[in-house]
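The values are calculated or read from the model by the stated rules, or taken from the named source; none is laboratory data. Since the structure is predicted, the reported quantities are computational estimates derived from the model, not experimental observations. With ideal geometry, Cβ positions are generated from the backbone for all residues, glycine too; neighbour counts draw on all protein chains shown.
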Amino acid sequence: MDPNEHTALPEYERSLRMVERRRLATGFAKQIALTTAPFLDRPFADCRVADLGCGYGYTALELAGMCREVVGIEPNAALAAEATRLAEEGGADNFTFRVQGIGEFGHGPDSGAFDVAVLDNVLEHLDDQPDALERISSCLRPGGVAYILVPNRWWPIEAHYSLPFLAWLPLPLANRYLRLSGRGQDYTDASYAPGYLRMRKLLAQRPELDARFTVPGDVSLAEGGGSRLYAAGVAALRRFPLLWAISKAFLVVAVKKPA
């Protein structure tokens, strides 16, 4: 997201985008709750949730209406200001927002403090992914659940710029391709999406997490979830788990084992 977008757009267009983001966030929050609920040892409504890389805070604010407490983490100060404004407007007294990077989270008072940790389309923006997963694990109590959604590097259409094979290219060529397309200047920030084998390796480095690839709790809430093609793809993943290697994205639920 462009942190200057909110000031660069006309007021009516900003309002339209806010309405659309809130609509989408409602579905995202429901999906997180429904997908993690079967793995939790307590109701989602009783959970303390960390939303890491929460951006403008729309999903975090929706989650606040569904659980005991939400802490939103976002390193971008411009996005943080908007998230704080949204929280104040929404009157959510159980939503705390921090201007903080993931590399500054998870230890100290955050250690073992959360029931659910959300990393929704954020991992592909992090260059130190082992550290990010270690901090997610650290912040969870035993029995806590991580919800991780990340694009598959090897899906032919890149997730952020919708350019064919962009993620397949070495970064210098990807940057040149992006500039020639007119859709951006530098691909570095979004260039860390893992492939299937890389994702499995990252998860294997955290043996304290019982991690598994899973399908959404409510397929109809997913992007394209109403189509027959999507339903067929989900059915195929359930029957043939190796097909995750060619999935558009990876959805991982990881339960922290007892100490």
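Figures for the structure shown
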item	result
Residue in region 235-257 that is nearest to His160 (Cα to Cα), counting only those that are among the aliphatic types (A, V, I, L, M) and touching a Pro at 6+ places or on another chain (Cβ under 8 Å)	Ala249
Among the residues listed as Ile148, Ile102, the single one being within 20 Å of Leu251 (Cα to Cα) and at pLDDT below 95	Ile102
Residue identified as farther than 19 Å from Val150 by Cα and in contact with a strand residue (DSSP E or B) (Cβ under 8 Å, 6 or more places away or on another chain) among Asn94, Asn121	Asn94
The lone exception for Glu62 - which of (1) under 15 Å from Asp120 (Cα atoms); (2) of a type in the set (D, E, K, R); (3) without any contact (Cβ under 8 Å) to a residue 60 or more places away in the chain; (4) in contact with a strand residue (DSSP E or B) (Cβ under 6 Å, 6 or more places away or on another chain) it fails	(4)
Number of the exception - Cys47 against (1) modelled with pLDDT under 95; (2) touching a strand residue (DSSP E or B) at 6+ places or on another chain (Cβ under 6 Å); (3) within 23 Å of His107 (Cβ to Cβ); (4) surrounded by fewer than 24 Cβ atoms within 10 Å (Cβ to Cβ)	(1)
